[in-house]
Ligand SMILES: [Zn+2]
C-alpha cells in the first residue's frame with residue numbers, strides 16, 4: 001500500500017534511474033481522478049501501444065481517442081528510449097483484472113510469474129486496475145514481429161525500477177497487461193519474467209547503475225587496446241584490470257571473458 005508519487009518525485013526518480021524524461025505540456029494535471037480512485041498504488045503495468053511509424057503516439061497516450069479518453073498511461077516510452085510523461089494520476093490503461101493477481105503483486109509473493117489471470121475488464125469478479133497501477137505504454141505494433149530496440153527496453157526497465165525503488169517495492173510489483181487480464185496479450189515479445197530479473201538487477205545497485213558489457217579477449221588484444229576500442233580511451237585499462245581482479249595486466253588470454261565498466 002502506498003501513496004502515489006507526486007509529479008516532482010516521479011520526475012526525480014526517473015532521472016536518478018538514468019531515464020531520459022520528456023514532460024508533455026499539461027501532463028501534471030492530466031488524469032481521470034474525477035472518474036474514480038487513484039491510489040493506494042501497488043504496482044506498475046507494462047503495455048504495447050499497437051502503433052507503427054507515423055503515428056503521434058505520445059499525443060495519443062496523452063489525449064486518448066474517441067472511445068477511450070486519455071490519459072492512457074502515466075507515460076509513453078518511445079522506440080528511441082525517451083520516457084514521455086503523459087498522465088499524473090488515474091489513467092485508462094489497466095482496466096478490470098484479476099484480484100488474485102493484485103494480491104500476488106501486493107504481497108510480492110509469487111515466484112517468476114503470478115498465476116494466470118481469469119478476469120478481464122467487465123467480467124463479474126474483475127477489480128479496478130486503473131486505481132492501483134502506474135502504466136507505461138510502450139511504442140510497438142504488438143504484432144509479434146516489431147522489434148523492441150535495446151534503448152527502449154532499457155528505458156522500460158529503468159522507468160519501472162524508478163517507481164519500484166521509490167516505493168520500496170521489488171520487481172514483482174511490475175507486471176504485463178497480459179498478466180492482469182485474460183483478454184490481453186501485451187507487451188507482446190517481452191518475457192515479463194526476464195523483464196523483472198532485469199528490474200531487480202537495477203534495484204540491487206544504486207540508482208543510475210548500468211550493467212557493464214562483457215568482452216571476450218581476442219588474439220593480439222591488450223588491456224590498452226580493449227579500453228581504447230570499447231571505452232574510447234586506452235588509459236582506462238586500469239579500470240578493466242581492477243574490475244576483473246587482474247594482478248598482472250599482461251595476463252590475459254584469448255577466450256577469456258572480461259567485464260567492462262560503463263562507457
Ligand atoms: Zn495494455
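No value in this document is a laboratory result; all are computed from the given coordinates. Computed from a predicted structure; not experimentally measured. For neighbour counting, all protein chains shown are included, and Cβ atoms are generated from backbone atoms with ideal geometry for every residue, glycine included.
Brief remarks follow.
- Per-region count, segment 31-54, residues assigned to a loop (DSSP other than H, G, I, E, B), more than 16 Å from the ligand (Cβ to nearest atom) and out of contact with any strand residue (DSSP E or B) (no Cβ under 9 Å at 6 or more places or on another chain): 5
- Of all residues in segment 83-111, those satisfying the criterion of being more than 13 Å from the ligand (Cβ to nearest atom) and either at positive phi or in contact with a helix residue (DSSP H, G or I) (Cβ under 7 Å, 6 or more places away or on another chain) (or both) are 83, 84, 85, 86, 87, 88, 89, 90, 101, 105, 108, 110.
- Yes/no for residue 200 being within 16 Å of the chain's Cα centre (by Cα) and exposed (fewer than 13 other Cβ atoms within 10 Å of the Cβ): no
- Whether a residue is loosely packed, with under 15 Cβ neighbours inside 10 Å and either closer than 15 Å to residue 175 by Cβ or out of contact with any helix residue (DSSP H, G or I) (no Cβ under 8 Å at 6 or more places or on another chain) (or both) was assessed, and residue 115 passes this test.
- Across segment 203-219, the qualifying residues are those that are in contact (Cβ under 8 Å) with a residue 40 or more places away in the chain and exposed (fewer than 12 other Cβ atoms within 10 Å of the Cβ), and the one among them that is nearest to residue 174 (Cα to Cα) is 214.
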